[in-house]
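Visitor: Quick one: this structure, given as structure tokens, is what I'll be asking you about.
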Amino acid sequence: MKDRLEKFVQDNREEFDVFEPRTELWQQICQELPQKSPEKEAKVIKVSFGDRASFSADYFFMRVAAAIVLLVGCGLTLFLMKQQTLDTAGTLAANQSITTEAPEGIEAVAPELPEIEAYYASQIEEKKTELSEYDLKVLGLDEHQLVDKELADLDSSYAALKKQLYTAPNTDEIIDAMVQNLWLRTKVLNRQLEILQRLQQNQQEKEPTQEPQNDDTTNV
Amino acid sequence: MEKIGYQDVNQEVVQRCKGGDHRAQYELYKLYAKAMFNVSMRITNDYAEAEDVLQEAFVSAFKNLHSYKGEASFGSWLKKIVINAAINAVRKRRSELVPMDERTVANVPDEVTEDDAEWQVEQVRRAIQMLPDGYRVVLSLYLLEGYDHAEIGEVLGISESTSKSQYSRARKKLLEILKEPQFVA
């Protein structure tokens with residue numbers, strides 16, 4: 001009883017396949033398949049045909065591996081770049097607020113350095129020209145020479161730091177030190193300026209009373 | 001199901017497909033599209049859905065060709081993909097595919113007296129199409145796709161004995177339909 005239906009189907013198996021998909025269907029399938037250039041196809045066929053099927057698999061694996069490496073590389077670069085821009089943006093903002101207020105704890109990364117250097121160089125130059133103006137007017141040259149020596153010391157240590165920057169692994173710390181160094185110079189110059197300013201003020205205050213004093217002494 | 005000799009004929013084409021050769025892919029498509037479409041049709045019982053299934057199955061087959069190691073013929077490997085895709089499509093459409101509940105079973109009389117009426121292929125084919133999803137799928141897989149009950153059980157996620165009883169019910173129902181007036185030639 002079972003056999004009759006089974007036998008009937010078996011005998012007429014071909015006739016049961018009456019449907020056909022639309023001819024356009026292949027185009028749709030094709031669009032979903034990964035495209036490959038004819039050259040590459042030819043290469044793979046030739047290689048995989050030679051002796052071993054596994055080689056074509058290896059070839060495929062290599063391509064996948066290369067693609068993954070490339071992707072990961074790109075991703076990592078992008079990620080790092082994004083992080084760096086975030087970092088620099090942060091320090092830039094910090095710098096701008098800090099240089100005007102308290103320059104302690106500046107954290108900078110290498111690309112920032114020229115900007116920082118330029119800023120401090122202009123500051124130092126400004127202070128130095130101001131100082132040189134006083135220099136002529138005021139006494140106490142000894143102290144000024146001391147300042148020059150201190151500045152020279154700072155300069156040499158700065159140069160040493162800059163050399164280290166190219167070899168040391170932790171650039172952040174060195175850049176920190178360098179910024180500290182630059183800031184120290186401006187501070188030294190500022191102090192000097194203050195001193196000279198005060199001296200000048202003292203002198204100007206004293207000048208009117210100096211003559212009578214002189215007179216006094218001459219009188220005495 | 002295809003024999004090993006057939007597989008050997010396809011091996012070269014399959015190898016080229018692995019390299020992404022579209023012409024080779026088309027060759028395989030031409031060779032199997034009709035048979036696979038009818039497999040898909042029998043399970044889904046819906047032309048548009050059967051096409052979607054066929055497309056999905058071929059795309060998936062070509063993309064995952066590297067996992068085809070040649071342990072079975074390419075045809076039966078592909079057929080399994082088509083059947084799985086089709087079953088998923090039917091499941092998505094109707095949640096109560098297999099196992100069938102008792103309600104449907106109750107509709108089928110236990111005894112179907114066999115007569116010697118001549119069958120026409122078209123009659124039987126349309127009668128199969130009239131079966132409810134659960135019956136149609138099991139009966140098609142068994143009668144037309146040449147799956148045994150163990151394979152049907154595996155692909156449908158049911159036990160072998162469930163497949164057997166499901167098939168015998170489906171068969172009874174089919175014979176019943178064939179006796180309906182519009183089917184008697």
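Visitor: Given the residues A:D176, A:D148, A:D172, which is the only one that is modelled with pLDDT under 85, assigned to a helix (DSSP H, G or I) and over 26 Å from the mean Cα position of the chain (by Cα)? Talk me through it step by step, then tell me what you get.
Guide: Details: A:D176 fails: over 26 Å from the mean Cα position of the chain (by Cα); A:D172 fails: over 26 Å from the mean Cα position of the chain (by Cα).
Checking each option against the conditions leaves just A:D148.
Visitor: Still on this structure, please answer the following. Within the stretch A:130-141, does at least one residue satisfy the condition of being basic (K, R) and at pLDDT 80 or above?
Guide: Start the filter on the stretch A:130-141 by keeping residues that are basic (K, R), which leaves A:137.
Applying the additional criterion that residues be at pLDDT 80 or above yields none.
Within the stretch A:130-141, none of the residues are basic (K, R) and at pLDDT 80 or above.
Visitor: Further question: For the stretch A:22-48, how many residues meet the condition of being modelled with pLDDT under 85, more than 7 Å from every other protein chain (Cβ to nearest Cβ) and in a helix (DSSP H, G or I)?
Guide: Residues meeting the conditions: 7.
Visitor: Here are some residues: A:F8, A:F19. Which one is facing another protein chain (nearest Cβ under 8 Å), modelled with pLDDT of 90 or more and assigned to a helix (DSSP H, G or I)?
Guide: Numbers: A:F19 fails: assigned to a helix (DSSP H, G or I).
Answer to the selection: A:F8.
Visitor: Which condition does B:A48 not pass, out of (1) over 17 Å from B:L156 (Cα atoms); (2) surrounded by 15 or more Cβ atoms within 10 Å (Cβ to Cβ), if it passes all the others?
Guide: Tallying (1) over 17 Å from B:L156 (Cα atoms); (2) surrounded by 15 or more Cβ atoms within 10 Å (Cβ to Cβ), B:A48 fails exactly one: (2).
Visitor: Further question: Just to be sure I understand, how many residues within the stretch B:148-173 are of a type outside the set (K, R), within 20 Å of A:R4 (Cβ to Cβ) and surrounded by 22 or more Cβ atoms within 10 Å (Cβ to Cβ)?
Guide: 2
Visitor: Okay, moving on. Quick check on my filter: what residues within the stretch B:120-135 are touching a residue at least 60 places away in the same chain (Cβ under 8 Å) and either acidic (D, E) or surrounded by fewer than 20 Cβ atoms within 10 Å (Cβ to Cβ) (or both)? Let's see the steps before the verdict.
Guide: Quick first cut of the stretch B:120-135, residues touching a residue at least 60 places away in the same chain (Cβ under 8 Å) only: B:120, B:123, B:128-129, B:133.
B:Q120, B:Q123, B:Q129, B:D133 - these are the residues of the stretch B:120-135 that are touching a residue at least 60 places away in the same chain (Cβ under 8 Å) and either acidic (D, E) or surrounded by fewer than 20 Cβ atoms within 10 Å (Cβ to Cβ) (or both).
Visitor: Residues in the stretch B:51-70 that are open to solvent by less than 40 Å² (accessible area, probe 1.4 Å) and either in contact with a Lys or Arg (Cβ under 8 Å, 6 or more places away or on another chain) or more than 16 Å from A:P34 (Cβ to Cβ) (or both): how many?
Guide: 7
The values are calculated or read from the model by the stated rules, or taken from the named source; none is laboratory data. All values derive from a computational prediction rather than experimental measurement. Glycine gets a Cβ as well: all are built from the backbone with ideal geometry, and neighbour counts include every protein chain shown. Accessible surface is based on the protein model in full, side chains and every heavy atom, while ligands, DNA and RNA are left aside. Shrake-Rupley method; radii C 1.70, N 1.55, O 1.52, S 1.80 Å.
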